[in-house]
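A short worksheet on the structure shown next.
The values are calculated or read from the model by the stated rules, or taken from the named source; none is laboratory data. Because the structure is a prediction, the values reported are computed rather than measured. Don't worry about glycine lacking a Cβ; one is built from the backbone with ideal geometry, like all the others, and counts go over all protein chains shown. Accessible surface is based on the protein model in full, side chains and every heavy atom, while ligands, DNA and RNA are left aside. Shrake-Rupley method; radii C 1.70, N 1.55, O 1.52, S 1.80 Å.
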Amino acid sequence: MLQSHLFTKTRKEGPKNEVSANANFLIRAGFIHKEMAGVYDYLPLGLRVIENIRNIIREEMNALGCQEVSLSALQDPEIWNKSGRWSDDVVDVWFKTKLKNDVLLGLGATHEEPMVRMVSEHVRSYRDLPLYTYQFQTKFRNELRSKSGIMRGREFLMKDMYSFCRSEAELDAFYDKAALAYKKIFERVGIGDRTYFTFASGGMFSKFSHEFQTVCGAGEDFIYIDEEKRIAVNDEVMQDDILKSLGIERSKLRKEKSIEVGNIFKYGTRYTKELGLNFMDEDGNEQPVINGAYGIGLGRLMGTVVEIFADAKGLVWPEAIAPFKFHLIEIVGGGDTGDSVRKEAIELYDKLNSNGVSVLYDDRDLRAGEKFGDSDLIGIPWRIVVSSKTGTDGPYEVKNRKTGEVKMVTLNEILEL
Ligand code: ATP
Ligand code: MG
């Protein structure tokens with residue numbers, strides 16, 4: 001992409017009323033736009049990051065044998081009444097709306113109820129199971145506070161996956177595999193080393209649900225980490241008897257601020273009984289399907305990455321989710337070298353593109369200092385400079401955004417990167 005064509009521009013300052021670091025950086029660098037408190041738009045650069053995250057999650061969900069669907073955002077109160085979750089006293093984040101004839105509808109904050117009802121129309125026998133469905137879908141939550149930028153939106157994109165099994169044992173085995181897939185997702189995104197499998201309360205069926213908590217000063221949660229076991233517990237389960245049952249010693253735990261990037265639950269028959277999702281087992285007996293649910297917030301994950309890696313100069317993207325891999329910067333100095341620098345830069349841009357390497361090419365007519373400042377703010381992993389000092393076909397000056405390391409490299413070495 002040519003930066004002169006990129007519709008967003010960088011800015012010196014974020015909006016005055018924005019208190020979160022992730023939103024401030026992302027707005028200044030032109031990745032997102034703030035509509036209002038807790039509501040953000042994704043612009044071309046931001047959307048590329050979201051799509052990279054989405055693809056990583058999609059690959060791992062497909063590898064588990066899950067099938068992608070897309071359910072509606074508008075919700076039928078009938079099924080939520082059946083599960084007892086329509087009342088604002090039970091779910092305190094509902095957004096509700098009305099048809100012209102005053103019939104109430106909800107805007108989905110989560111999708112257990114509609115997913116279970118939808119599946120119930122397609123599952124009859126044990127041969128139809130196990131079944132794993134997932135979607136990427138906008139959730140609406142009337143969050144009380146929205147001080148964490150894209151980490152706590154009132155409208156946000158979630159990947160929610162649902163498992164439908166024949167027995168508790170089948171659910172247990174799948175749940176463990178799903179937990180491993182989650183671990184892999186956070187590793188691939190670049191935050192594996194600081195993300196902990198965390199015991200939390202809930203899961204109607206099991207004693208615990210599990211959160212994936214990423215250690216970060218901007219977090220709204222606290223976790224207590226057992227570093228040796230690479231696990232943690234959250235506030236809800238920080239009780240002596242529970243710690244004992246998990247074989248954890250209180251004195252060994254380290255308290256950290258953290259961000260819940262994912263959450264997985266074993267619901268068992270909680271929703272399937274209420275909504276009549278049954279199957280005929282091998283002996284011809286009707287049984288309720290055994291269900292689990294598995295969520296990740298894509299914006300929350302992106303915001304977490306920003307909070308962890310950004311430095312004083314701006315964003316720093318891990319390669320796996322960066323909007324582009326290379327930021328090609330042409331520096332056209334004074335004198336008559338301009339045409340040859342531009343020719344050299346365009347050639348390199350074409351070669352990288354034809355090798356399938358994603359490049360943002362800063363072809364704008366600006367001072368070097370401004371271009372470097374924008375490059376640091378946008379945070380693309382590798383910066384390449386083409387100037388009057390660059391020879392024909394390189395070597396090129398390449399700088400690593402994260403470490404600041406500068407090397408002179410040939411085209412082939414760039415392609416290897
Ligand atoms: P929290 O306790 O932080 O409010 P939650 O436990 O209500 O979150 P879940 O219902 O478990 O959230 O949702 C699954 C995942 O969706 C969370 O682990 C998180 O990654 C993401 N998520 C939840 N709420 C938001 C939000 N308001 N904005 C962005 N992502 C969110
Ligand atoms: Mg949760």
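Taking all protein chains as present, what is the carbon and sulfur share of the accessible area of the chain, in % to the nearest whole number, probe 1.4 Å? Solvent-exposed carbon and sulfur of the chain make up 49 percent of the total.
Summed over the residues of the range 326-416 and divided among them, the accessible surface reaches 49 Å² per residue at a probe radius of 1.4 Å. May I ask you to list the aspartates and glutamates whose Cα is less than 13 Å away from that of residue 177, ignoring any residue fewer than eight positions away on the same chain? The qualifying aspartates and glutamates are 60.
Classify the range 262-400 from the C-alpha gyration tensor, please: rounded if a/c falls under 1.5, else prolate or oblate depending on whether a/b exceeds b/c. Because a/c hits 1.5 or more and a/b exceeds b/c, the range 262-400 counts as prolate. Measuring with a 1.4 angstrom probe and ignoring ligands and nucleic acids, residue 122 comes out at about 130 Å² accessible. Of the whole protein surface, residue 302 contributes about 0 Å² of accessible area at a 1.4 Å probe radius. Here the 3J(HN,Hα) profile of the range 244-255, calculated from phi with Karplus coefficients 6.51, -1.76 and 1.60 at θ = phi - 60°, is 4, 5, 8, x, 10, 9, 3, 5, 8, 7, 10, 8 Hz, Gly and Pro shown as x. Annotation: lysines with alpha-carbon distance below 18 angstrom to residue 399 (same-chain offsets under eight excluded): 313, 325, 371, 389, 407. Would you mind classifying the range 123-211 by shape? Square roots of the alpha carbon gyration tensor eigenvalues, ordered a ≥ b ≥ c; an a/c under 1.5 is rounded, otherwise it is prolate if a/b is larger than b/c and oblate if not. Because a/c hits 1.5 or more and a/b exceeds b/c, the range 123-211 counts as prolate.
The Cα center of the range 91-160 and the Cα center of the range 238-300 differ in position by 18 Å. Taking GluC sites (Glu not before Pro) across the range 318-417, the ones in a DSSP loop with at most 11 further Cβ atoms lying within 10 angstrom of their Cβ are 405. The amide H of residue 316, built 1.01 Å from its N in the peptide plane, has 310, 311 as neighbours under 5 Å, considering only residues 5 or more places off or on other chains.
Applying 1/(1 + (r/R0)^6) with R0 = 60 Å to the Cβ-Cβ distance of residue 406 and residue 228, what FRET efficiency is obtained, to the nearest 0.05?
Once rounded, the FRET efficiency stands at 0.95.
Using the Cβ-Cβ distance between residue 180 and residue 320 with R0 set to 22 Å, the FRET efficiency works out to roughly 0.75. Using DSSP to define loop residues, name the GluC sites (Glu not before Pro) in the range 221-285 whose beta-carbon has at most 16 other beta-carbon atoms within 10 Å. Answer by residue number: 227, 228, 249, 282. Scattering from the chain was approximated by placing one identical point on each alpha carbon and applying the Debye formula without solvent; log10 I(q)/I(0) at 0.06, 0.11 1/Å stands at -0.31, -0.90. Computed with a 1.4 Å probe over protein heavy atoms only, the accessible surface of the range 7-309 comes to 46 Å² per residue. Looking at the square roots a ≥ b ≥ c of the eigenvalues of the Cα gyration tensor of the range 227-303, which shape do they give, rounded for a/c under 1.5, prolate if a/b is larger than b/c, or oblate? Oblate, since a/c reaches 1.5 and b/c is not below a/b.
Between residue 312 and residue 88, the simple label model (points 7 Å from Cα in the Cβ direction) yields a spacing of 4.8 nm.
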